[in-house]
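The values are calculated or read from the model by the stated rules, or taken from the named source; none is laboratory data. None of these values were measured; they are calculated from a predicted model. Positions of Cβ are generated from backbone atoms using ideal geometry, with glycine treated the same way; all protein chains shown enter the neighbour counts. For the accessible areas, the whole protein counts, side chains as well, though only heavy atoms, and no ligand, DNA or RNA atoms are used. Shrake-Rupley method; radii C 1.70, N 1.55, O 1.52, S 1.80 Å.
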Amino acid sequence: MAHSVGIKDVARAAGVSVGTVSNVINRPDTVATETRARVLSAIDRLGYVRSESARQLRAGRSRIMGLLVLDMGNPFFVDVARGAERAARDAGLGVMVCNSAQDPGEEADYLSLFAEQRVRGVLLTPADATGRNIEGFRRHHIPFVLVDRVAEGTTECSVSVDDVAGGALAVRHLVDAGHRSVAYVSGPPGLHQVRDRRTGALNALAEAGLGAEALRELPTERLDVAAGRDAGARLLGLADRPTAVFCANDLLALGVLQALYAAGVRVPEDLAIVGYDDIEFAAAAAVPLTSVRQPAVTMGAMAAELLLEETDLQGTDRTHAHRRVVLQPELVVRRSSLVTR
């Protein structure tokens, strides 16, 4: 195995003490010009790279922020990560991105990894509906911020979108276009976002004088395109098929669109579709998709900023006031829902 070049090797090659090498790296202005040049030449010649993890361990302060999301295959979470990474980089930190794959077991494993690595803090979109994973993580006293989920207590910050309002936007748009029966392709029922979007959909139907029976729910185990195709096949098999479908995210909507296209069902002439998230692929679909836009990049950036604010106050006599930031969604209307009845 190749020898890893250490600070002692640099000191030996430059003919100086280990302390002098350390000063050149950390406090170069305290070292004479000629000595500094000799040490830098040795560092370059040997290819020495300082151990950042060891430095952080000695300092007791990590420069890594953890980010754990439900599905990195979903462009929405890629945009959340972009926003978080941008804010972290501006503060001189890096981001360790992990994917729970909507699995509470994997979520627990990654939270344990973050604790072992002593990350500065964690941005988390929970997969575990019971809250046990979060409760277990609290004992490590590592700050965390919930992303795309409203904090229910006052022990942590959160940044989310008003999903009740978003669900209402989607279904109100369909009702205004003349639809009186709407399918809801909902995703895993344990997710708060799925439930809140359903609540908003029911609110919009009630505003129009329609009862809960006007919403036909088609739950799925996952929030991806394959699950959307399966839901689309079930939708096609309904005896009294709704004239419109609202999907809990755009990946589900794209899967439904694929199933309808394969069956020769016209969108929006035979069936209108509205998605949620407004990912980049929504506008580029075969039939451009109407969608409820979430400000994902902003959400990630704001969550990272709240986490940095909290961690910067650690070890001081100042306290951090936890905040719940709720952003507003926006309906983006495209061809998939434009035919009126």
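Computed values, structure above
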{"quantity": "Loop-located GluC sites (Glu not before Pro) in the stretch 83-148 whose Cβ has at most 11 other Cβ within 10 Å (DSSP)", "calculated": "none"}
{"quantity": "Built amide H within the under 5 Å cut-off of residue 121, gap 5+", "calculated": "66"}
{"quantity": "Exposure rank, largest accessible area first [163, 224, 109; 1.4 Å]", "calculated": "109, 224, 163"}
{"quantity": "Alpha-carbon Rg with Dmax, taken over the stretch 7-50, Å", "calculated": "8.9, 23"}
{"quantity": "Accessible area (Å², per residue) of the chain, counting only protein heavy atoms and a probe of 1.4 Å", "calculated": "47"}
{"quantity": "Student exercise, the stretch 188-341 dipole from Lys, Arg, Asp, Glu Cβ charges, in Debye to nearest 20", "calculated": "520"}
{"quantity": "The stretch 205-239: GluC sites (Glu not before Pro) in DSSP loop, at most 16 other beta carbons within 10 Å", "calculated": "221"}
{"quantity": "Stretchable slack from residue 63 to residue 132, in nm (0.36 nm times residue separation minus alpha-carbon distance)", "calculated": "22.1 nm"}
{"quantity": "Antiparallel DSSP beta bridges within the chain, percent to nearest 5", "calculated": "10"}
{"quantity": "Dipole of the chain, positive direction: furthest Cα of 246, 115, 208, with charges on the beta-carbon", "calculated": "115"}
{"quantity": "Pair-distance profile P(r), taking every C-alpha pair of the stretch 163-294, with 10 angstrom steps and integer %", "calculated": "14, 51, 32, 2"}
{"quantity": "Charge-dipole axis of the chain as Lys and Arg at +1 and Asp and Glu at -1 on Cβ define it, positive-most pick from 104, 297, 255", "calculated": "297"}
{"quantity": "Trypsin sites (Lys or Arg not before Pro) restricted to the stretch 127-199 and DSSP loop, no more than 10 other C-beta within 10 Å", "calculated": "139"}
{"quantity": "Farthest positive-ward along the stretch 131-182 dipole, Cα basis, beta-carbon charges - from 175, 159, 144", "calculated": "144"}
{"quantity": "Degrees, to the nearest 10: 75-90 long Cα axis against longest axis of the chain", "calculated": "30"}
{"quantity": "The stretch 183-259, relative contact order in percent, only Cα pairs under 8 angstrom and at least six apart counted", "calculated": "39"}
{"quantity": "Student exercise, the chain dipole from Lys, Arg, Asp, Glu Cβ charges, in Debye to nearest 20", "calculated": "920"}
{"quantity": "Using alpha-carbon coordinates, inclination of helix 33-46 to the longest axis of the chain, degrees", "calculated": "60"}
{"quantity": "Accessible-area composition of the chain, carbon plus sulfur, in percent [1.4 Å probe]", "calculated": "51"}
{"quantity": "Rounded to the nearest 20 debye, dipole of the stretch 145-274 from Cβ charges on Lys, Arg, Asp, Glu", "calculated": "320"}
{"quantity": "Between 0 and 90°, nearest 10: helix 104-117 axis offset from the chain longest Cα axis", "calculated": "20"}
{"quantity": "Candidate residues 25, 142: accessible-area rank, largest first, probe 1.4 Å", "calculated": "25, 142"}
